[in-house]
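Quick note: the coordinates plus some simple rules give every number you see, no bench work behind them. Here the structure is a predicted model, which means the values were calculated and not measured. No Cβ is skipped: glycine too gets one built from the backbone with ideal geometry, and neighbour counts run over all protein chains shown.
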Amino acid sequence: MHVTLASWKSEIFEAVLGFLPDWAQMTGLGLVVVAVLATWAYKLKRKLAYRRALRTGQPVHAAAQYGQGRGADYLGAYAPQTRQDDATT
């Protein structure tokens with residue numbers, strides 16, 4: 001029989017919960033479940049909004065595309081300016 005070892009994260013989680021009273025353990029676990037479900041719902045909502053925008057032909061901003069990078073990947077006004085050489089001088 002092979003028993004898998006728990007990860008260090010789950011060991012710490014169980015150790016912290018072990019010190020708490022039962023009502024706090026149930027509340028903590030409930031909050032973790034709610035956080036996971038909220039994150040999942042938010043990602044699903046963004047994915048559906050992106051697909052809906054593509055289907056209707058609306059322009060989708062590069063930073064808002066599903067599966068693309070975020071934050072530092074989109075520099076906006078701080079992006080380096082492209083150089084255009086004047087051929088008339």
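Quote to one decimal, in nm, the extra length available between Ser7 and Gln58 on full extension: 0.36 nm per residue of separation minus the C-alpha distance between them.
13.9 nm
So, counting K/R as plus one and D/E as minus one, what does the shell of residues with Cβ under 12 Å around Thr39 add up to?
+3
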